[in-house]
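Note sheet for the following structure.
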Amino acid sequence: MNRVILLSLSLLVGACEAESSVHETILAYSDAWSLDPQIREDSLRQAVADDFRYVDPLVDGSGRDHFADYIVATLDCSEEGEMFVGMTLTSPDAAARFEWTLYLADGEVREGENVAFFAPDGRIQEMVSEF
């Protein structure tokens, strides 16, 4: 199957070091949605805490490995031509909210919003997604 999965970020943050760290963490999170297993593993290790919790309308799970499995299942269910684009970080702080758009192969467009809560080490401790 020749799918196109593209997850790109357009981040609106200033030059502050803390905002830069949030920017890098969210970019690593976006890279985790890669078809390449090594990129996914490396990005998740950089972006999310070991006991990371992810909640969306379809799943409520804990653990980085569980989330990696969820990404794989999501990508396996996607159809050729689908792509994620246009994530925009809108509130870099102890929590960051960002929006995303998914373009489905049949032309349908879906949008969602995620809120990331950060652990003391700067990685994402919890992610809540609405779509």
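The values are calculated or read from the model by the stated rules, or taken from the named source; none is laboratory data. Fair warning: this is a prediction, and the values are worked out from it, not measured in the lab. Here the Cβ positions follow ideal geometry from the backbone for every residue, glycine too, while neighbour counts run over all protein chains shown.
Of note:
- Residues within region 23-37 that are part of a loop (DSSP other than H, G, I, E, B) and either touching a residue at least 24 places away in the same chain (Cβ under 8 Å) or more than 22 Å from A73 (Cβ to Cβ) (or both), tallied: 4
- Residue check for S78: out of contact with any Ser or Thr (no Cβ under 9 Å at 6 or more places or on another chain) and over 22 Å from A95 (Cα atoms): yes
- Any chance T88 is among the β-branched types (V, I, T) and modelled with pLDDT under 80: yes
- Filter result for the condition that a residue is closer than 19 Å to S34 by Cβ, of a type outside the set (A, V, I, L, M) and modelled with pLDDT of 95 or more, over Y103, Y54: Y54
- Residue among D65, D76 that alone is modelled with pLDDT under 95, closer than 25 Å to Y103 by Cα, assigned to a helix (DSSP H, G or I) and of a type in the set (D, E, K, R): D76
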